[in-house]
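What follows is a short report on a single structure.
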Amino acid sequence: MSIPRRRFLQSAAALGVAPAFAQAAAAAGVTDLAVGSIGHSIAHFPLYVGAQQGFFQQNGVDIGKVTEFSTGALVGTAVTAGSLDIGSSVITDVFSLAKAGRSVKILSVSANSYYIDIVASKAFLQATKLTEKSSIADKIRAMRGKNIGVTGPGSGTEALVLYLLKLGSIDKTRDVQLVNVGANIPAVLATLRSGRVDLVSFAWPLGQQAQVEDIGETFISPARGDLPEMTHEIQGVVYTTQDEIDKKRAAIVGFIRGYAKACTMILKDPVHTRELLKGFYPNLDPKALDLTLDVYRSTSVSSNPMPSEVGFLRAIKFHQAAGLISEPYSYNDIIATKVIADAVGKR
């Protein structure tokens, strides 16, 4: 696919960067990087923070306006086609690209937990009489015969559903109906409210907003410990290709440094971070915003861009169990360790 670069670029002024700072950055020489994400989940928040606070500009990079795609597969296609320099989605997409023979490299983790939940409609919960405290076995059994929403085929949302179905010996084609609902949060909430789906697999903050609007509840959540084997499993990532690293290594290093600074601020300054999150989610209910920020800060954010090997290994095992990959990809083959080390060393 071909996406004109002008669609990705945005002036520093439009990002809220002070004019004097923008002029100084331009004089110092700033490299434009085209960045895209899947939907508008909390895992992409560091991109927003880094742009709003000028962290990328301070490190010689302008990421412009992040372009949102309806599926992670489209993000991966744009990255490998060269229309995007960097993609922000889930590690499922990275493994899919590696499986296709693409030289894809993870630059940082955006979520050190599986930030996708299974959200159940009020009608489903009333019919099954299950609650958050019900056993995982009972919850999985209740998925049989239901319509389950996912963002799309091959996505991280589908991966979680496939994993759960395998745990419960439920046939994905005969025993359930998977419904592609896309990545637009208001539209997905409407689908859950209407009863078109009984459950939906989706990233934060959909579950939090569903709870506040009394549409449904978070039913199964790896991040809160419902699936112990998935604790601290790497899920959200930002990535590029080896070709892009070879062409723009200095800019990639600058991007990682700016990204890490944004993550550090999210961890250390919750008050300012909440104000920024209001800008990122202008239509999100304040209670849902607080719930989302709390779970994201407590389970997913790290100031260190270097992915943990334990978290990577758990992601490998999960995707093998879900039937999405067969071979155990090497940590050093997938993670851009040398580039990340350069970025960390220069902070």
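The values are calculated or read from the model by the stated rules, or taken from the named source; none is laboratory data. This structure is a prediction, so every number in the text was calculated from the model and none was measured. Neighbour counts run over all protein chains shown; Cβ positions are idealised from the backbone, glycine included.
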So for the range 2-16 (the condition being at pLDDT 95 or above and either closer than 30 Å to V181 by Cα or within 21 Å of the chain's Cα centre (by Cα) (or both)), does at least one residue qualify?
no
Would it be correct to say that G182 is under 20 Å from Y281 (Cα atoms), surrounded by fewer than 18 Cβ atoms within 10 Å (Cβ to Cβ), in contact (Cβ under 8 Å) with a residue 12 or more places away in the chain and not hydrophobic (A, V, I, L, M, F, W, C)?
yes
So in the range 63-101, with the set limited to residues that are of a type in the set (D, E) and surrounded by 24 or more Cβ atoms within 10 Å (Cβ to Cβ), which one is modelled with the highest pLDDT?
D85
If R196 satisfies every condition in (1) assigned to a loop (DSSP other than H, G, I, E, B); (2) in contact (Cβ under 8 Å) with a residue 60 or more places away in the chain but one, which is the exception?
(2)
Strands (runs of 3 or more DSSP E) contained in the range 84-165 and holding at least 3 residues touching a strand residue (DSSP E or B) at 6+ places or on another chain (Cβ under 8 Å), among the hydrophobic types (A, V, I, L, M, F, W, C) and over 16 Å from V197 (Cβ atoms):
104-111
Looking at (1) surrounded by 17 or more Cβ atoms within 10 Å (Cβ to Cβ); (2) farther than 18 Å from G236 by Cα; (3) modelled with pLDDT under 95, which is the only condition L164 fails?
(3)
Considering the range 45-62 alone, what residues qualify as being crowded, with 24+ Cβ neighbours inside 10 Å and more than 14 Å from F255 (Cβ to Cβ)?
F45
Note on the range 260-277: residues within 19 Å of the chain's Cα centre (by Cα) and over 11 Å from Y48 (Cβ atoms) are A260, K261, C263, T264, M265, L267, R274
Name the residues in the range 222-262 that are of a type in the set (K, R), surrounded by fewer than 22 Cβ atoms within 10 Å (Cβ to Cβ), touching a strand residue (DSSP E or B) at 6+ places or on another chain (Cβ under 9 Å) and modelled with pLDDT of 95 or more, would you?
K248
Residue under evaluation G323, criteria (1) at pLDDT below 95; (2) surrounded by 18 or more Cβ atoms within 10 Å (Cβ to Cβ); (3) over 19 Å from V238 (Cβ atoms); (4) not acidic (D, E), criterion not met
(2)
